[in-house]
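What follows is one structure encoded as structure tokens, with my remarks underneath.
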Amino acid sequence: HDCWAPYWLIQCVHALCNAHLLRELTFLAQSSGQAWPQRMMDVLLAAHRGCERARTQGITAVPSRQVLRWIGRYRALLDEGQALNPQRVKEQGKRGRAKQSDAFNLLRRLRDHESVPFTNNLAERAIRMPKVKQKISGCFRTFSGAQSFCTIRSYPDTARKHGVGLLDALRAAFNDAPMEFVGSGRIVTGFRLSASL
């Protein structure tokens, strides 16, 4: 995810989206004049291209020596960045923590969450709508209302991912024969969408 504060409250293993990290690195490369952000982008993109190339060739794992090279370059750039952007210490007599630079905070996130898939945009988009609705409305009135919202939102989203047109999926649902998606195929069930409303 993109480090949006509410995500950290979810009890799970967290991973950061590299697409968001690339935006932050681009900003730092342009604003700081330091070389490590651009080189870190190069490492992340090279690893992403290598993984994509392996997938298209049907290879389930990138050779370990290549992975070790990427990890070595990644960690060396973290060390370089941290040497240029050390942690600020709290001033004597001031309350609270010392405000850290954007570069230091990014470097800390990069070190703490270094091994992840490149992006998880589909999952992030799926969870974003309930959070947007909650933000606009203030809250869901009941937990079952939140569950119903997610059920209803997931049906057209899943249909789209399986190549089914939105109109066809909604027509099937409102004709009391919504589609159920299993793996890459789909079957029609007797589940009534109206029962979840």
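See the values below:
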{"item": "For Y7, Y74, order by how many other beta-carbon atoms lie within 10 Å, fewest first", "result": "Y7, Y74"}
{"item": "Rg ratio (alpha-carbon, reference 2.2 N^0.38 Å) - the stretch 5-119", "result": "1.22"}
{"item": "Amide H partners (placed H, <5 Å) of M179, local residues excluded", "result": "A173"}
{"item": "As computed over the stretch 26-94, the Cα convex hull volume per residue (Å³)", "result": "121"}
{"item": "13 Å beta-carbon shell around P63, net charge (K/R +1, D/E -1)", "result": "+3"}
{"item": "Packing-based order for 108-114, 21-27, using average beta carbon neighbours within 10 Å, highest first", "result": "21-27, 108-114"}
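Values quoted throughout were computed directly from the atomic coordinates according to the rules given, and no laboratory measurement underlies them. Computed from a prediction, not measured in an experiment: that's the story for all the values here. Counting neighbours? That spans all protein chains shown, and the Cβs are built from the backbone with ideal geometry, glycine included.
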